[in-house]
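All remarks here apply to the structure that follows.
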Amino acid sequence: MFRPIKVFFLSALSLLIGMKVTIKNLFSPPVTLDYPNKKQPMKKNFRGMVDLKPPACVICYQCIKICPTAALFLSHKTVEQDAKKKNEITKFTFNAELCCFCGLCEEVCPTDAIYLNQMYEVSVFSHDDLLSIDLMDPKKYKHLDDRTVNQPEPNPQ
Amino acid sequence: MDLPHLVQKLNERIPGAVVEQQPSAVVIKRESLLPVAAFLKDTELSFANLHCVTAVDRKDKIEMVYHLYSFLHRWMLTLKVFLPNDDLTIESLCGLWRSADWLERETFDLFGVKFLHHPDLRRIMNPDEWTDYPLRKNFDRPDFIRLPQSEGLKAGG
Amino acid sequence: MEQVEQNKSPELRSEELVVNMGPQHPSTHGVLYLELRLDGEIVVDCRPHLGYLHRSIEKIAENRTYIQFVPFTDRLDYLASMNNNLGYVLAVEKLLGLPVNERVQYIRTIIVELNRVGSHLVSIGTFAQDLGAYATPLFYCFRDREKIVELFDELCGSRLTYNYMRIGGVQNDLPPGVDKIIKDFIQYERKKLDEYNELLTYNAIFLSRTKKVGILSKETAINYGVTGPCLRATGFKWDLRKEEPYLIYDRFKFDIPVGTMGDSWDRYKVRLEEIQESLKIIEQAIGAVPEGNPVAKVNKVYKPAAGEVYLRTENPRGELGFYIVSDGTTKPYRNKIRSPSFSNLSVLPELIRGLNVSDAVCVLGSIDIVMGEIDR
Amino acid sequence: MPGMGLLLLKGMAVLGFISTSAMFLIWWERKVSALIQNRMGPMATGWHGSLQSVADSIKLLLKENIVPAGADKLIWWLAPFFVVFPSVSAFVTIPFSEKLVPRDLNVGILFVTSITSVCVLGIFMAGWGSNNKYSLLGGMRSAAQIISYEVPLLLSIVLVVMQTGTLSMVEIVRAQAHGWFLLRPHLALAFVIYLISATAEVNRVPFDIPEAESELGAGYHTEYSGMKFAMFFVAEYTNLFIISAVAATLFLGGWQGPLLPPVVWFLLKAYGIIFLLMWVRWTLPRVRMDQMMAFAWKVLTPVSLANLLLSGWLMLR
């Protein structure tokens, strides 16, 4: 006779305890950000879009070889300059559609020429804008610039 | 419990079942798969768990690989069966371990090994109307690209 | 019963209702497609259809070098990327016979256990969501998981697909001051676990929804190859970290939480208690990290000798196995991934037959599948 | 005809109040849920997103109205009206203050309960007409649920009627001049039963089985889009207001209260109950169909019957 009543009251109590938790959280400050107005700074080694410091590149093809999704494209030609043979990049593009942002290219690069910057708002209106981004172009992410906070200074060494 | 010991036991119980003893696996004859499996499961060896069923395409044959586990002896046994390319059929282990059901369907889907007396042998991941077996080494379709190669890599790397 | 069926006039015959639950449905955890045959609201039969997320990762593995495949393991069980990385890396290291130093072992243990906590938090939150607790427990769990994700972000630069483990080491060393962050997190999380208990675990509605729903017996679980919390919920004390210790789990003191009857509530409770145990492991490990250089170079080409290896690790969802066959080249000849959710899901039709739709959702949520590793 | 003009004005006022109230409630619910979940909720439109509902309704007005193939067109088109119409008509007898009552019917409470139970027809029509299995399941669940919870709901209201001897809402409020009914034990129990059954009546958590997002997608209104969906949405929040207003009238003394004007008191009480229901909604999981039915028939109905008998005996003695 008493057991059902006890169970009933314990059940009601358990619901009230649950409601205590939620009301406590109602008065605690929110943990989220008012996103487009306030932005969270990215961590130092956040892996965003692939970026390149062209002068530092020694055309070793390490990044091309390690890339698991073949998102990078590099070709070069040899030019003679002051009677010295010198390699010159003819094309260095990056396909953001294929990239899996694993950061392996950044790790293998012997001169830290290729790196992943801190851009995280990388949506564009057309897929074509992502298919072959010319890494040699210093203004390649210009259209994304104003959307991204604490972007690293363009550092041409 | 170790491998030579088990092979000896198997030879006593089911003569002629063991074809070959590899460093970490036992290869058995296709016809004796069911009796061997029943022996392994129901006797004191008590391989209660069929952990994994898969296959390896060795080009000249297809190798069925069964990973059996005994909670009692804490021992993982690798059982192999060689299937000739012209006759890819093998008895299903569904009657002994229910876990074989989906794992065998997967192997059927990816390698085209037919499991006899399987309750529900359909493709599990690929579309039903497919006729290819993607994990075979000779799998080739115009839209299948192993790894997109950078043209530049051929030139410079 | 049969007589009743026969006495029915043809005008009054009842039909089974076939409901396609998924591939787009709020509680099929991704793109699972369940073909449910319903009698009224009772599930008569259930046929899961997989493959909507099939990316043929095993075929990809055959065409990538050993180090290139690590990012792909992130995409298996995307809630526990670190654990997948670890399983693969350990398997390759075993194949190569490559030793790693103490610091790497400790870092790996800490990171993997943190990810286990994060993964279990997601599974608890989504389970509550499936039971209709509109998003509140889910958001609390994500709020707590966020702290782990932030730490991983600082550690390796990514929030979901970490790509952190390397063959022979890890990607980065622990950032400075991480001890304090992790210790603070442990204190914080222990408090929050009490909150979950108040909000969910002993809530009368939650109990009535999950107790004795979807009872999985120990024999069925083993027969179906069910592993992980689902297996432990049946009362079978089996955890690879304890029974066949890999890494350095044998140095830490922790318990294996087990359930009593293998119902949905037990599966939930086991996960909740596993968070406690993981926190214990982290607490012991974080104070004892030795000095050393854990960072492994990635531009090395690994050429293991011809052979094969099968290695299992205890993932948050069960035992993840990597079967790697090498033919002596730089790429694996075959890489089979035995994913825990795959086997765990195969027991679903057995569990939900005879229950109603709400319970089917509850059982599916308590099994806690991740389609990424089922379809691969 | 001056009487006609007044009636029209009253009707306009009711409709205006309903739409603003529904919009406010939607925004408020989103804010409450966000704060409970440690989020911020709508922030973009207006001060703290206060114009979010306006933006949403404009969006819904502009959206395409998609008719599913194979839908039972007539039923499908009529269903939203059947849901909205009763909840709007129920406003007729709600006494906002002694003077401010659209029409003080002498069978007021009976009118409210009977007209709101027409809603189930609309919901079932929506479930049937959509030609969607999930909607059908939702509609079936809804019919079973609303009809069974009608019983304890009415039994708890009957107790108030017994206490006051009138069916007029205004008279019931006047009867509470010397103390709210909530303060008397047997009526407090009736209040709890009323609140639980009313929650079930308007399909809110923990009794939101007809919608059951995680099971049925969105239940009976899965297939509706644009303005038709908005009608379901508005009806849901209007019903929510009505049950809270009725609860405030029957148990919390309606407009009566010191200092503040009567209308403010009434709205405070009604919105207080709505907040309670919101708080419950964002805390508790959903119950199962059979558990819910068992709760209605095995717990609520016997308890309210016993309560009715006991207090009736006490009143007669």
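Rule-based calculations on the coordinates, nothing more; no lab input. Everything numeric here is computed off the predicted structure, so don't read it as measured data. Ideal geometry is used to build each Cβ from the backbone, glycine not excepted, and the neighbour counts take in all protein chains shown.
Details
- Cα gyration tensor, segment D:1-135 - rounded (a/c under 1.5), prolate or oblate: oblate
- In chain B, inverting the average of 1/r over every pair of distinct C-alpha atoms gives 17.1 Å as the Kirkwood radius.
- Partner lysines for A:Lys86 [C-alpha distance under 16 Å; skip if fewer than 8 residues away on the same chain]: A:Lys77
- Of the GluC sites (Glu not before Pro) found in segment C:275-376, those that fall in a DSSP loop while having at most 10 other beta-carbon atoms within 10 Å are C:Glu291.
- Translational diffusion of segment D:115-195, µm² s⁻¹ [Kirkwood Rh, Cα pairs; Stokes-Einstein; 37 °C; 0.692 mPa s]: 224
- Across segment C:341-358, coupling constants 3J(HN,Hα) worked out from phi with the 6.51/-1.76/1.60 Karplus curve, θ = phi - 60°, read 4, 4, 6, 5, 5, 5, 8, 4, x, 4, 7, 9, 5, x, 8, 9, 4, 4 Hz, and Gly and Pro carry x.
- The alpha carbon convex hull volume per residue for segment C:64-186 rounds to 99 Å³.
- For segment C:53-371, the Cα-based Rg and Dmax, in that order, read 19.3, 59 Å.
- Using alpha-carbon coordinates, inclination of helix C:102-130 to the longest axis of chain C, degrees: 20
- By other beta-carbon atoms within 10 Å, ranking C:Tyr202, C:Tyr106 with the fewest at the front produces C:Tyr202, C:Tyr106.
- Computed magnitude of the charge dipole of chain C (debye, nearest 20; Cβ of K, R +1, Cβ of D, E -1): 1040
- Order of C:Asp327, C:Asp375, C:Asp184, C:Asp153 under a 10 Å beta carbon neighbour criterion, fewest first: C:Asp184, C:Asp327, C:Asp153, C:Asp375
- Taking amide hydrogens as placed 1.01 Å from N in the peptide plane, the amide H of C:Asn315 sits under 5 Å from those of C:Leu320, each at least 5 positions away in sequence or on another chain.
- Between the residues A:Cys60, A:Met119, A:Gln81, the greatest Cα displacement towards the positive end of the dipole of segment A:58-149, with unit charges on the Cβ of Lys, Arg, Asp and Glu, is found for A:Gln81.
- Taken about its Cα centre, segment A:50-145 carries a charge dipole of about 420 debye when Lys and Arg each add +1 at the Cβ and Asp and Glu each add -1 at the Cβ.
- Test item: C:357-363 mean partner chain Cβ contacts at 10 Å: 5
- Under 5 Å from the amide H of C:Arg338 lie the amide H atoms of C:Gly321, C:Phe322, C:Tyr323, each residue being 5 or more positions distant or on a separate chain, with H modelled from the backbone and absent for Pro and chain starts.
- For segment C:325-333, Karplus couplings with θ = phi - 60° (6.51, -1.76, 1.60), whole Hz, Gly/Pro x: 10, 10, 10, x, 9, 7, 10, x, 6
- Extent along the principal axes, Cα only, for segment D:63-316: 59, 39, 32 Å, with the longest axis given first.
- When the Cα positions of D:Leu309, D:Gln256, D:Leu35 are compared along the charge dipole of the protein assembly as shown, D:Gln256 comes out farthest toward the positive end, with charges on each C-beta of Lys, Arg, Asp and Glu.
- Neighbour net charge for C:Arg241 - beta-carbon separation under 13 angstrom, K R +1, D E -1: -1
- Dipole axis of the protein assembly as shown (+1 Lys, Arg; -1 Asp, Glu on Cβ), positive-most option in D:Ile196, C:Leu364, C:Pro340: D:Ile196
- All Cα pairs of the protein assembly as shown, percent lying beyond 50 Å: 33
- Dipole magnitude (debye, nearest 20) for the protein assembly as shown, charges at Cβ of Lys, Arg, Asp, Glu: 1560
- Neighbour-count ranking [beta-carbon atoms within 10 angstrom, fewest first] of C:Arg145, C:Arg37, C:Arg232: C:Arg37, C:Arg145, C:Arg232
- Residue-averaged [θ]222 nm for the protein assembly as shown, counting only DSSP H segments that reach four residues, each worth -39500 (n - 2.57): -14500 deg cm²/dmol
- For C:Glu308, residues with placed amide H under 5 Å, excluding near neighbours: C:Ser326
- Per residue of D:214-220, other chain Cβ atoms within 10 Å of the residue Cβ number 6 on average.
- Phi-derived couplings, Karplus 6.51 cos²θ - 1.76 cosθ + 1.60 at θ = phi - 60°, listed residue by residue for segment D:260-272: 5, x, x, 4, 5, 4, 4, 5, 4, 5, 4, 5, x Hz, with x used for Gly and Pro.
- Computed over the alpha carbons of segment D:17-62, Rg followed by Dmax gives 10.7, 32 Å.
- Relative to one another, the C-alpha centroids of segment D:35-83 and segment C:323-352 are positioned 45 Å apart.
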